[in-house]
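The values are calculated or read from the model by the stated rules, or taken from the named source; none is laboratory data. Keep in mind that what you see is a predicted model, and the values were worked out from it rather than measured. Here Cβ is always computed from backbone atoms with ideal geometry, including for glycine, and neighbour counts include all displayed protein chains. Only protein heavy atoms, including side chains, enter the accessible area calculation; ligands, DNA and RNA are left aside. Shrake-Rupley method; radii C 1.70, N 1.55, O 1.52, S 1.80 Å.
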Amino acid sequence: MRKIDRAKVRRVVGGLLLLAGVIGLFVWYKFFRDVQVSYADDDENFKYGSIGNEENAGIPYLIWKALPEICPQHLPGPGGYASLGMVYEGREAPIGISVRTIGVPRAAINCAFCHVSTVRVEEGAAPRVLLGATSAQLDVEGYNRFLWACAADPRFTPDGVVEAIRRAGELSWIDEQIYRRVLVPRTRTALLEQRDQVTAWMDAYVPSVGHRRPRWGRGRIDLFNLLKFHRLNLPLDETIGVSDMMPLWQMPPSVRGNYSYFWDGLNDSLTEVAISSAIGSGATVSSLDRDQIGRIERWMTRAPAPPYPYAIDGALAAEGRRVYVRSGCAGCHDTGGARYRAVIPLDEQELRTDRSRMEMWTPEAAAAFNRHAEGTKIDFDRFRSTTGYVATPLHGIWATGPYLHNGSVPTLWHLLTPAERPRVFYRGLSEVDRERVGFIHDAADTTALARKGLVSRYDTSEPGNGNQGHTYGAELSRDDKMALIEYMKTL
Ligand code: HEC
Ligand code: HEC
């Protein structure tokens, strides 16, 4: 029998262990190494920082960046993601997209994705960026459909994607193998799975309303149905919850129970609202970054509403303030008002706006969200189902049109004059209507833009899109309404 050469065995085993270690290190480095992105400056952090959703909902950044190159025909216009309403300001990635390395750089949305907009103050000048606003030009549905269509496109192959990545920059041999063999196929499968799950209800005919769900269109999303069906695992139902984004300016600090948040006041703790918003953005209970979200929560309490960018008639606005108080607006909308941020029952005579969004958030959904993070440090317990809509603050109201929770009324003039509210109008432009206040919604060329998908046609006769209700002030004279609108420019 040959004598075992112990020294040799030790060398071989040692070598194998070293190799396993190196491979392990390599796998960790290329697939799991996590480099958090946050910025010292709070505004920068809001625009580009990570909220902790890249692992669950991110897309390898080089693939994400290459998609508009690979599939320009699935976008509404030239200019890549900007044609879907994303806001660029000189960086490679737009505002609202964080790029965090988890093995490879991964792109995911953050809060600014739906809470930033631009306004074109002067013709020809660069649009002004409004941070914390309602992303009125952003087409979230169009963005998702673009990702799904591109993943299904015959050009979305390992060769096609790697070639597009290469055209934009270097790719080492090792990285090329990783993209080719792992990341491209995985991304494709994930996007197609997501498409099948979401379109199963988004495109489905809804028997109880005899119609399919309305298109979200620019500036809107059915956020809570996404959560219900895909995070809280509730069974598909027939509700419609498409709503406008909401601004994040001058948010009252979290005092449990004092104020209600979201359109129907489904939660009354700002901390829970911020954390659940991160979950709504694709983070999981274990991946979400509490520090970053705490920072954003504090940021929201300080973020100023943007001042109206044109001249205001001070005397007229002062008269408008008197009308505002006299007509009861202040009692519901002033930060000190008795019903400020309270849920106003929908059956109150003068409210009676569209019911769908409110009915979407059922007691079962609230209970499921309260259970969602049980046993972790996040203990949700303030979700509830309500029977009305919140008397929201009107900070920066000139910049957050169209109005009401479903964005069904294009201007403040139309809000005050229900008889003139248009049945059909267009959303997604960034010029201010200085007469009626809101965004331009009926310019001559909007129909052509809508055909391309660069603005969205809004039809108030579709389910969930009703523009009735909130008739406060309807009986005022034309002069009083003009004064009231002048005053609202100052908020
Ligand atoms: C995909 C779009 C989207 C993203 C991303 C998003 N939000 Fe929102 N946000 C909305 C919409 C839509 C509403 C209104 C929903 C409703 O009530 O129907 C809203 C409402 C809110 C409100 C309630 C405002 C009020 O006055 O009651 C807060 C606060 C908020 N978001 C914070 C955040 C934070 C913090 C993040 C990131 C962690 C975030 N949002 C990410 C779309 C988004
Ligand atoms: C009884 C409380 C109450 C009174 C009084 C009231 N509102 Fe409202 N207001 C609400 C509620 C609730 C909503 C949200 C309704 C919805 O979205 O369906 C709202 C929405 C609005 C909006 C749209 C907010 C947005 O972000 O889209 C504006 C603007 C507004 N009100 C202005 C006024 C003015 C001006 C008056 C006085 C003429 C007034 N309101 C009187 C409760 C009230």
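Filter the cross-link list Lys3/Lys30; Lys228/Lys377; Lys65/Lys452 down to pairs whose alpha-carbon distance in this structure exceeds 31 Å. Beyond 31 Å: Lys3/Lys30.
Using only DSSP helix segments of four residues or longer, with each worth -39500 (n - 2.57), what per-residue ellipticity at 222 nm results for the chain after dividing by its residue count and rounding to 500?
-11000 deg cm²/dmol
Between segment 339-354 and segment 56-84, the alpha-carbon centres lie 41 Å apart. Across segment 147-294, the relative contact order, built from alpha-carbon pairs under 8 Å that are at least six residues apart, equals 13 percent.
Amide H contacts of Thr101 (H built 1.01 Å from N, in plane; Pro and chain starts excluded): Val35, Arg106 sit under 5 Å, all sequence-distant by 5 or more or on other chains. The GluC sites (Glu not before Pro) of segment 124-178 meeting both criteria, a DSSP state outside H, G, I, E and B (loop) and at most 14 other C-beta atoms within 10 angstrom of the site's C-beta, are Glu170. The long axis of helix 61-70 is offset from the longest Cα principal axis of the chain by roughly 70 degrees. Expressed as a whole percent, the accessible area of segment 404-491 that falls on carbon and sulfur atoms is 50 (1.4 Å probe).
The label point for Asp459 and the one for Arg212, both projected 7 Å from the Cα toward the Cβ, are 1.2 nm apart. Solvent-free Debye calculation, one equal scatterer per alpha-carbon of segment 185-330: log10 I(q)/I(0) at 0.09, 0.21 Å⁻¹ equals -0.45, -1.37.
Cβ screening of the chain for cysteine pairs under 4.7 Å finds these without a partner: Cys111, Cys114, Cys329, Cys332. Gain on full extension, evaluated as 0.36 nm per residue between Asp381 and Arg33 minus their Cα-Cα distance, stands at 121.9 nm. This model, with +1 at the C-beta of Lys and Arg and -1 at the C-beta of Asp and Glu, gives the chain a dipole about its Cα centre of some 2000 debye.
Sequence gap at least 6, Cα distance under 8 Å: using those rules, report the relative contact order of segment 329-460 to the nearest whole percent.
19 percent.
Relative contact order, whole percent, for segment 1-152 stands at 23, derived from Cα pairs under 8 Å and 6 or more residues apart. Each label was represented as a point 7 Å from its Cα along the Cα-to-Cβ direction; for Asp203 and Ile23 these points are 4.3 nm apart. With a Cα-only, solvent-free Debye model of the chain, what are the log10 I(q)/I(0) values at q = 0.07, 0.09 Å⁻¹? After summing over all Cα pairs, the log10 values are -0.40, -0.64. What the phi angles of segment 421-432 give under the Karplus curve with 6.51, -1.76 and 1.60, with θ = phi - 60°, is a coupling list of 4, x, 6, 10, 8, 10, 10, x, 7, 10, 8, 7 Hz, glycine and proline written as x.
If you scale each eigenvalue of the Cα gyration tensor by 5 and take the root, what three semi-axes come out for segment 331-411, rounded to whole angstrom and sorted largest first?
For segment 331-411, the semi-axes come out at 27, 16, 14 Å.
On the beta carbon distance between Ala311 and Ala419, with R0 = 35 Å, the FRET formula returns roughly 0.75.
For segment 80-153, the Cβ-based charge dipole about the Cα centre amounts to some 260 debye (Lys, Arg positive; Asp, Glu negative; other atoms uncharged). Element breakdown for segment 40-81 at a 1.4 angstrom probe: carbon and sulfur atoms account for 48% of the accessible area.
For chymotrypsin sites (Phe, Trp or Tyr not before Pro), the sites in segment 285-335 that DSSP calls loop and that have at most 14 other Cβ atoms within 10 Å are Tyr310.
Element breakdown for segment 82-176 at a 1.4 angstrom probe: carbon and sulfur atoms account for 51% of the accessible area. Of the trypsin sites (Lys or Arg not before Pro) found in segment 416-491, those in coil by DSSP whose Cβ has at most 12 other Cβ atoms within 10 Å are Arg423.
Maximal additional length on extending the Ala40-Asp153 stretch stands at 36.6 nm, based on 0.36 nm per residue less the C-alpha distance. Solvent exposure of the chain amounts to 45 Å² per residue of accessible area, where only protein heavy atoms count and the probe is 1.4 Å.
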